[in-house]
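Take a look at the structure below.
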Amino acid sequence: QQYDIVVPWSNISWLDQTTLGNNLGSYLASGGIVVAFNFDWFGGGQSILGTWATTYTPFTDPGAVNFAPGTLGTCTVPSLCTGVSTLNAFYRETMTLASGATLAGTWNDASPMIAYKGRAIGISAYPGDAPTNYSGQFSRVIANAGVWLSPPCPTPTPTPTPPALVSVSGSVVYCSNPAL
């Protein structure tokens, strides 16, 4: 739990995709946030398996290849899209929502772009190899996910200051008719 957000993405096979998925599942179950990108649902050795795939992923695996330029169509979850005006990607997949997931945004061709399920966010885009294949505020979506899904900071409780102790010593003399 030393990380606020984990962003797993790759364009090659994972060394141990089941262990990775089980670790992501444990991290999510302990309050972590995962923002996953293509090709995490590509099929074969590139898909993340384990409890990620059986419990947490917002998209079903595999997606259908959709390698064509796409731009931001809609974003219906302001918590994820605040400050996001541009998202473009070439390496995309046409995704199907996993059971219990919520669609949060679409591409201009109406295919799913962003979905969430609990504390897991899925983005059907690969912001990885060449900047000519993607552009826009993907990092803003990641940061927004952290702000949206992180527990709120606790409100500080003021600690009352105890009254000062007063010490009186000596003898006290009372006057019935004090003079200024």
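The values are calculated or read from the model by the stated rules, or taken from the named source; none is laboratory data. Treat the numbers as computed from the prediction; the structure is a model and nothing was measured. Cβ coordinates were reconstructed from backbone atoms using ideal geometry, including for glycine residues, and neighbour counts include every protein chain displayed. The area values use the complete protein model at the heavy-atom level, side chains included, leaving out ligands, DNA and RNA. Shrake-Rupley method; radii C 1.70, N 1.55, O 1.52, S 1.80 Å.
Miscellaneous remarks
- Relative contact order (%) - the range 91-158, alpha-carbon pairs under 8 angstrom, separation at least six: 22 percent
- Magnitude of the charge dipole, the chain, Cβ model with Lys/Arg +1 and Asp/Glu -1, debye to 20: 380 debye
- Backbone geometry of the range 70-84 corresponds, through the Karplus equation with coefficients 6.51, -1.76 and 1.60 at θ = phi - 60°, to 3J(HN,Hα) couplings of x, 10, 4, x, 10, 9, 9, 10, x, 4, 8, 10, 4, x, 9 Hz, x marking Gly and Pro.
- Each helix, a run of at least 4 DSSP H residues, gives -39500 (n - 2.57); summed and divided by the residues of the chain, these come to -4500 deg cm²/dmol at 222 nm.
- What the phi angles of the range 29-42 give under the Karplus curve with 6.51, -1.76 and 1.60, with θ = phi - 60°, is a coupling list of 5, 9, x, x, 10, 10, 10, 9, 10, 3, 9, 5, 10, 7 Hz, glycine and proline written as x.
- Per residue, the solvent-accessible area of the range 66-166 (1.4 Å probe, heavy atoms of protein chains only, all protein chains present) comes to 54 Å².
- Approximate spin-label separation residue 110-residue 64, in nm, with each point projected 7 Å along Cα-to-Cβ: 1.3 nm
- Normalising the average separation of contacting C-alpha pairs (under 8 angstrom, six or more residues apart) by the number of residues puts the relative contact order of the range 1-141 at 25 percent.
- Karplus-based coupling profile of the range 122-129, in residue order and whole Hz: x, 10, 7, 6, 10, x, x, 8, with θ = phi - 60° in 6.51 cos²θ - 1.76 cosθ + 1.60 and x standing for Gly or Pro.
- Tensor-based shape of the range 9-88 (alpha-carbon gyration tensor, a/c under 1.5 rounded, otherwise prolate or oblate): oblate
- Solvent-accessible area, 1.4 Å probe, carbon plus sulfur percent, for the range 10-159: 59 percent
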